Amino acid sequence: MLSFEKKVAPMIESIYDTLTPIEKTIAKYFLGVIPENESLSAQEVSKRLFVSIPSLTRFAQKCGYKGYRQFIYDYQKGKQEETNLQSYRRQTTTLSLSQSMM
C-alpha cells in the first residue's frame, strides 16, 4: 500500500520546477486540501481551475501516469488509505488512553 504522502505528493513535488505555469496551477490544487465531496472529474477540475482537459492529461503524464484517469485513481486511492490510517491511529490512541486509565 503506497499512500498519497509516499507516492503522489512526492512525485508532484519532484517535477514541480519543470512544470509550465498552467501545470503548476494543477499541481498546487492537488497538493492542497480538497474536500472529500468535491468532484475530481476532468470536466469539473478543468472548470474549477480554468484549464483545459488536455492540460490535465499532460500534467498526469508528467507525473508518470498514462492519463488523467489513472492519476486520479491513484490520487483517490492514496487519499483513502491516508484517511484509513488516520482513523486507525485515532482508534488505537483512544484505546491506549482508556486502558492506561484503568
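The values are calculated or read from the model by the stated rules, or taken from the named source; none is laboratory data. Source: prediction; values computed, not measured. Backbone-built Cβ (ideal geometry, glycine too); neighbour counts: all protein chains shown.
Things worth noting here:
- Segment 1-29, subset modelled with pLDDT of 90 or more and hydroxyl-bearing (Ser, Thr, Tyr), residue nearest to Tyr73 (Cα to Cα): Tyr29
- Within segment 66-81, if we keep just the residues that are touching a Ser or Thr at 6+ places or on another chain (Cβ under 7 Å) and in a helix (DSSP H, G or I), the residue that is farthest from Ser39 (Cα to Cα) turns out to be Glu81.
- Considering segment 45-59, and only residues there that are of a type in the set (Gly, Ala, Ser) and either free of Cβ contacts under 8 Å to residues at least 24 places away in the same chain or not in a helix (DSSP H, G or I) (or both), the residue that is surrounded by the fewest Cβ atoms within 10 Å (Cβ to Cβ) turns out to be Ser52.
- Qualifying residue in segment 22-32 (condition: of a type in the set (A, V, I, L, M, F, W, C) and closer than 18 Å to Gln80 by Cβ): yes
- Flag for Thr57 being touching a Gly at 6+ places or on another chain (Cβ under 7 Å) and either at pLDDT 95 or above or of a type in the set (D, E, K, R) (or both): yes
- Residue in segment 23-44 that is surrounded by the most Cβ atoms within 10 Å (Cβ to Cβ), counting only those that are β-branched (Val, Ile, Thr) and not in a helix (DSSP H, G or I): Ile34
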